[in-house]
Amino acid sequence: MKIKVTSVHVDDQDKALRFYTEVLGFVKKTDFSQGPYRWLTVASPEEPDGTELQLALNNNPAAKAYQQALFQQSQPAAMFFTDDIQADYERMKAQGAEFTMTPTDVTASKIAMLNDTCGNLIQITQLKRW
């Protein structure tokens, strides 16, 4: 078994697509609609056939409550990994990203946290090389 798709709930799919592609640097993978339903995914340009992230419209009251609780508790909805957190931090900051935590050393890694503007906090992580 392998993970092919995972989801993050967003309050606006168009705004999320702009953020996840223009700020984070992912590429649009799938985008199709059927009636009011829209299936929208992005992927890493480093692994275009790898795991996809669904930008799911948050119109489910239970999911919305969960999303809001995570945000209020400063818990990330998703975690992405990088080999150079400082370079990615500077690139994303130049694109207007709002960081709630600048790159910070923690046990065995360096992390940063940013607001995706769609109701979520996203953690960027660089593992330490020993």
Self-check item: Neighbours by Cβ (under 6 Å, 6+ apart or cross-chain): first from region 95-108, farther than 14 Å from LEU121 by Cα; second at pLDDT below 95
Solution: ALA108/LYS128
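Would you be able to tell me the number of residues in region 1-40 that are more than 22 Å from ASP88 (Cα to Cα) and aliphatic (A, V, I, L, M)?
So in region 1-40, the residues more than 22 Å from ASP88 (Cα to Cα) come out as 1-7, 9-14, 30-40.
Then drop every residue that is not aliphatic (A, V, I, L, M), which leaves 1, 3, 5, 10, 40.
The number of residues fulfilling the criteria is 5.
For region 39-76, enumerate the residues that are of a type outside the set (Val, Ile, Thr), touching a helix residue (DSSP H, G or I) at 6+ places or on another chain (Cβ under 6 Å) and open to solvent by less than 70 Å² (accessible area, probe 1.4 Å).
Here is the first cut: in region 39-76, the ones of a type outside the set (Val, Ile, Thr) are 39-40, 43-50, 52-76.
When the remaining residues are screened for being touching a helix residue (DSSP H, G or I) at 6+ places or on another chain (Cβ under 6 Å), the result is 40, 55, 57-58.
Those that are of a type outside the set (Val, Ile, Thr), touching a helix residue (DSSP H, G or I) at 6+ places or on another chain (Cβ under 6 Å) and open to solvent by less than 70 Å² (accessible area, probe 1.4 Å): LEU40, LEU55, ASN58.
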Quiz item: Of all residues in region 89-130, which are in a helix (DSSP H, G or I) and open to solvent by 40 Å² or more (accessible area, probe 1.4 Å)?
Solution: GLU90, ARG91, LYS93, ALA94
Exercise. Give the residues of region 1-24 that are open to solvent by 60 Å² or more (accessible area, probe 1.4 Å), part of a helix (DSSP H, G or I) and farther than 21 Å from PHE71 by Cα, sorted by residue number.
Key: GLU22
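The values are calculated or read from the model by the stated rules, or taken from the named source; none is laboratory data. The shown structure was predicted, so the numbers you read here are calculated from the model rather than taken from an experiment. No Cβ is skipped: glycine too gets one built from the backbone with ideal geometry, and neighbour counts run over all protein chains shown. Heads up: the accessible areas ignore ligands, DNA and RNA and are worked out on the full protein's heavy atoms, side chains in. Shrake-Rupley method; radii C 1.70, N 1.55, O 1.52, S 1.80 Å.
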